[in-house]
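In what follows, a structure is listed as structure tokens, so that the remarks can point back to it.
The values are calculated or read from the model by the stated rules, or taken from the named source; none is laboratory data. Remember, it's a predicted structure, so these values are computed and weren't measured experimentally. We place every Cβ from the backbone using ideal geometry, glycine too, and count neighbours over all the protein chains shown. Each accessible area value is taken on the protein alone, full model and side chains, heavy atoms only, with ligands, DNA and RNA left out. Shrake-Rupley method; radii C 1.70, N 1.55, O 1.52, S 1.80 Å.
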Amino acid sequence: MSAIHQNLSTAISSSASTFLGYNNLKNIKSSNVSLPGRNSGVVKCVSSPSAEKTAYKTKVSRNENLAKLQAGYLFPEIARRRTAHMSKYPDAQVISLGIGDTTEPIPEVITSAMSKRSYALSTVDGYSGYGAEQGEKQLRAAIASTYYADLGIEEEDIFVSDGAKSDISRLQVLFGSNVTMAVQDPSYPAYVDSSVILGQTGQFQKEVEKYGNIEYMRCTPENGFFPDLSTVRRTDIIFFCSPNNPTGYAASREQLTKLVQFAKENGSIIVYDSAYAMYVSDDSPRSIFEIPGAKEVALEVSSFSKYAGFTGVRLGWTAIPKELVYSDGFPVAKDFNRIVCTCFNGASNIAQAGGLACVSAEGIKAMHEVVGFYKENTAIIVDTFNSLGFKVYGGKNAPYVWVHFPGQSSWDVFSEILEKTHVVTTPGSGFGPGGEGFIRVSAFGHRENVLEACRRFKQLYK
């Protein structure tokens, strides 16, 4: 793990960063964490060279793709600024509605299953070592039947993992450096950053805040946060997240039908991120495989992180249909299986026991209660900004509220809110150039903190 540097630059460009390396700063006060003894996590991921001078240098050249990255990954940069603010105001009650980290306890039906599995490992009969890299058969079957019933996705199509973010990087390794890719703009920064690291992109173009050789599919209030596909050039890979992070919008059945047809016409593969599907409260599709023909052009990544509070436990999955094949007819799933077997030893058996509890009848009910709590938080935040006269988007099918500050720098708005209210949000430009002029407010927080943050917003903008 990388050391924490004191001289991290405050500059940040959209979607420009590395995405590995975690550290802890202990004894940091934050009101978003009310459990005793819990520490705030601060992460440092930078692409700039260390200021330290060494007497000896190897003859190994640095990976030129990492040198393209502009600064630290978005969320560690926000954590760094929060830490600096807390040092400046040590007595302030800082509330974090920035990074999308869950705050409510994992339901007991799930933790009890993990506890039982953990204890069993201390017995001769209950011990197990390496498991199947693809995940335990029972869990794979349960995921297929729970989330893909009647959609033609079966147990052998499921790859259990340590989370969607990890699978995104494994998929990039699968596709290699010679593919072209498209992303929603704005979108989750890991899509772009992993593409840069794999060598799929050109240099960062500062004047437009974009990397060369990436197709940025602009998603705005004017187009309903769904790109005008008639203006999108053909790419090999299309990253698409619905409900979307950060805008909170879920694509309709009609829109996803257009996306699948677009991919078929161009011979592209859609990487569909459904990490927030359980937050959908209308008739928007929860899986890309609800769309006819999608199994021929799409795969899907998902996660228990935002349903069961598994952001620290780490458990997710990728579904790759048998029908998805390369131009030479070779199945994509077979190559992904090779990547998984080479790069991964399988998800923790304790986490998988928790995952199996998640998809039990009692576990699903408990997860819906957790999701419902966060959706109530979302409604509070939406109502607050609406009452203040802001244009507010998202919030219906996702735990994120996308607030418009026209004509203003999103980093300036972030800084003003932090300075004047001690509330951490996320600047929209960190998700791509299409996020400029917006901030994302997360609904992940204890209820009293969300209410207090909204009270402060009303004081600032009344």
Provide the FRET efficiency to the nearest 0.05 for the Lys322-Val173 pair, computing r from the beta carbons and using R0 = 25 Å. 0.75
Trypsin sites (Lys or Arg not before Pro) restricted to the range 214-322 and DSSP loop, no more than 11 other C-beta within 10 Å: Arg233
Run the simple label-point estimate for Glu416 and Tyr119 please: 7 Å along Cα→C-beta, distance reported in nm. 5.6
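Count the DSSP beta bridges whose two residues both fall in the chain, then state the antiparallel fraction as a percent rounded to the nearest 5.
55
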For the range 293-434, what Kirkwood radius comes out of the mean inverse Cα-Cα distance, in Å? 18.9
Per residue, how much accessible area does the chain show when a 1.4 Å probe rolls over the protein heavy atoms, in square angstrom? 43
Bins of 10 Å, beginning at zero and ending with the bin holding the largest distance: percent of Cα pairs per bin for the range 358-462, please. 15, 45, 27, 10, 3
Taking all protein chains as present, what is the carbon and sulfur share of the accessible area of the range 128-276, in % to the nearest whole number, probe 1.4 Å? 47
Work out Dmax and Rg for the range 81-147 from the C-alpha atoms and quote the Rg first, both in angstrom. 20.1, 54
Sum of side-chain charges, Ile95 neighbourhood, beta-carbon under 9 Å (Lys, Arg +1; Asp, Glu -1): 0
In debye to the nearest 20, how big a dipole does the range 51-141 give about its Cα centre with +1 on each Lys and Arg Cβ and -1 on each Asp and Glu Cβ? 580
Report, largest value first, the span of the C-alpha coordinates of the range 309-367 along each principal axis, in whole Å. 45, 23, 16
Computed over the range 325-403, the Cα gyration tensor eigenvalues, each multiplied by 5 and square-rooted, give semi-axes in Å (largest first) of 39, 22, 11
If exposed GluC sites (Glu not before Pro) are those in a DSSP loop with at most 10 other Cβ within 10 Å, what is the longest stretch of the chain that has none? 208-462
Descending accessible area (1.4 Å probe), largest on the left, turns Ser348, Ser442 into Ser348, Ser442
Taking a point 7 angstrom from the Cα of Asn63 along the C-beta vector, which residues in the range 177-192 have backbone N less than 17 Å away? 177-179, 190-192
Using a cut-off of 12 Å between beta-carbons, work out the net charge of the residues near Ala132 (Lys and Arg +1, Asp and Glu -1, Ala132 not included). -2
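Please find the FRET efficiency linking Glu362 to Gln205, where r is the Cβ-Cβ separation and R0 is fixed at 51 Å, and quote it to the nearest 0.05.
Computed FRET efficiency for Glu362 and Gln205 comes out at 0.50.
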So for the pair Glu156, Val232, with labels modelled 7 Å out along Cα→Cβ, what separation do we get in nm? 3.2
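Let's see if you can work this out: charge +1 on each Lys and Arg Cβ, -1 on each Asp and Glu Cβ, no other charges. What is the dipole magnitude of the chain about its Cα centre, in debye to the nearest 20?
Value, rounded to 20: 1460 debye.
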Quick one: pull the percentage of alpha-carbon pairs in the range 239-343 with a separation above 19 Å. 47
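When the dipole is taken about the Cα centre of the range 211-274, and only Lys, Arg (+1) and Asp, Glu (-1) are charged at their Cβ, what size is it in debye, to the nearest 20?
80
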Accessible surface of Thr111 - all protein chains present, 1.4 Å probe, nearest 10 Å²: 50
On the formula 1/(1 + (r/R0)^6), with r taken between the Cβ atoms of Lys264 and Thr146 and R0 of 25 Å, the FRET efficiency rounded to 0.05 is 0.35
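Which longest uninterrupted range of the chain lacks any chymotrypsin sites (Phe, Trp or Tyr not before Pro) assigned by DSSP to a loop state (not H, G, I, E or B) and surrounded by at most 14 other Cβ atoms within 10 Å?
Excluding the exposed sites themselves, the longest stretch runs over 131-325.
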Take every Cα-Cα distance within the chain, group them into 10 Å bins from 0 onward, and report for each bin the whole-number percent of pairs it holds. 4, 20, 31, 28, 14, 3, 0
The chain - mean residue ellipticity at 222 nm from DSSP helices (-39,500 (n - 2.57) per run, n ≥ 4, rounded to 500): -10500 deg cm²/dmol
